[in-house]
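Here the structure comes first, spelled out in structure tokens, and everything after it is commentary.
Please treat every number below as a calculation from the coordinates, not as lab data. Bear in mind the structure is a predicted one, so any value in this text is a computation, not a measurement. Counting neighbours? That spans all protein chains shown, and the Cβs are built from the backbone with ideal geometry, glycine included.
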Amino acid sequence: MEEITKNIVKPETYLARSPLYRVHEAAGAHFEACASAAQVASYGDQSEPLAALIDLSVQHRFGIRGANAIAALSAAGLSVPEKPNQCLNSANGETVLRLGKTEFWVLGAMESGTCSADSSAFADCYPVYCQDSHACLLLSGEQLPDIMAKLCGVDLSESVFPKGSIAQTSVARINAIISHLPDKEGTHFVILCDSAAAEYLWACLLDAMDEFGGKAAGLNYLF
Amino acid sequence: MKMMNCPLNGLRNISEFVHGGEVKEMPDPNSCSDKEWADYVFFSDNAISVVTEWWLHAPSGYWFIAERHTGSDEILKTYDPSVLFSERVEFSAPATEVKA
């Protein structure tokens with residue numbers, strides 16, 4: 001019995017935690033170790049929902065900006081999206097978001113949750129910190145544009161917001177960055193918002209998803 | 001809702017934007033008089049005409065310039081600040097004498 005207790009992964013075991021970890025614990029989530037933190041793996045024995053909201057806040061990410069950012073990313077073997085407000089996958093699974101002419105955020109590979117470098121590796125660029133300042137939520141499943149239309153003024157339907165697009169806009173009246181992940185089967189939106197507003201946005205998204213059969217889920221929903 | 005065209009993000013609701021004041025030429029802080037500096041920092045023309053203003057698109061943290069008529073509140077055009085500002089403004093402190 002003691003052996004089993006020892007093996008249960010808890011967010012409190014780690015220094016890095018999601019701003020939503022108390023919400024997950026209260027909802028009876030099952031955690032697994034990922035990127036030196038506790039990542040929600042599943043919500044118990046729930047059946048597969050039509051749409052899922054997954055908290056990826058503990059997964060690693062970093063940002064850089066400056067005139068040398070494009071050259072530095074290419075030199076590090078990362079993909080560089082052609083225009084601002086586009087995202088692209090890199091060979092090692094990281095996703096590069098281009099948020100401005102010279103500003104880039106890199107999201108760690110989803111399965112491992114880690115990045116191959118961090119902003120300190122790019123000496124001639126300005127680092128942009130986006131790890132604990134932001135929460136990272138993944139919406140996955142069907143009817144995501146309809147779900148988001150309840151919260152967001154920008155049209156996110158496939159015809160105007162195809163895979164690889166980014167919208168920096170207001171979602172449920174708070175600032176957010178919505179990225180439509182490229183090269184993935186199905187529709188996946190990554191939403192980055194202020195970590196202080198994460199609990200609010202989590203509740204808003206769950207409320208909006210409810211009528212479309214959407215529920216909170218863990219990383220096991222994807223793999 | 002009123003809309004504004006962000007040069008980086010496109011047409012967005014006006015609630016996503018923050019007003020940043022008139023675009024004014026900065027006097028040299030090391031050589032201008034206190035009156036000139038106070039005028040630059042605290043006062044604006046507040047004229048009824050087409051004005052050139054700083055605006056921020058808050059969700060992307062992007063500052064740009066808009067031309068707006070203060071009478072009709074019509075936004076005539078918006079553009080990237082690189083159109084007006086081609087180089088970084090550096091602030092150097094005036095040389096001070098070091099006392100022995």
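Worth pointing out:
- Sites B:Cys32 and A:Asn68 - FRET efficiency at Förster radius 30 Å, r taken between beta-carbons, to 0.05: 0.30
- Shielding of peptide B:49-59 by partners, expressed as the average count of other chain Cβ atoms within 10 Å per residue Cβ, is 2.
- Filtered GluC sites (Glu not before Pro), segment A:82-139: DSSP coil and at most 12 other beta carbons within 10 Å: A:Glu82, A:Glu111
- Within-10-Å neighbourhood charge of A:Met110 [Cβ basis; K, R +1; D, E -1]: -1
- Placing +1 on the Cβ of every Lys and Arg and -1 on the Cβ of every Asp and Glu, with nothing else charged, gives chain A a dipole about its Cα centre of roughly 640 debye.
- Shielding by other protein chains, B:11-20, mean Cβ within 10 Å: 2
- Filtered chymotrypsin sites (Phe, Trp or Tyr not before Pro), segment B:23-100: DSSP coil and at most 14 other beta carbons within 10 Å: B:Phe43, B:Phe85, B:Phe91
- Prolate/oblate/rounded label for segment A:61-128 (Cα gyration tensor, a/c 1.5): oblate
- Summed side-chain charge close to A:Leu50 - residues other than A:Leu50 whose Cβ falls under 9 Å, Lys, Arg +1, Asp, Glu -1: -1
- 13 Å beta-carbon shell around A:Glu12, net charge (K/R +1, D/E -1): +2
- Cα gyration tensor shape for chain A, rounded if a/c is under 1.5, else prolate or oblate: oblate
- Debye equation applied to the C-alpha atoms of segment B:15-100, log10 I(q)/I(0) at 0.12, 0.26 Å⁻¹: -0.50, -1.33
- Residue-averaged 222 nm ellipticity for chain A, from DSSP H runs of 4+ at -39500 (n - 2.57), nearest 500: -4500 deg cm²/dmol
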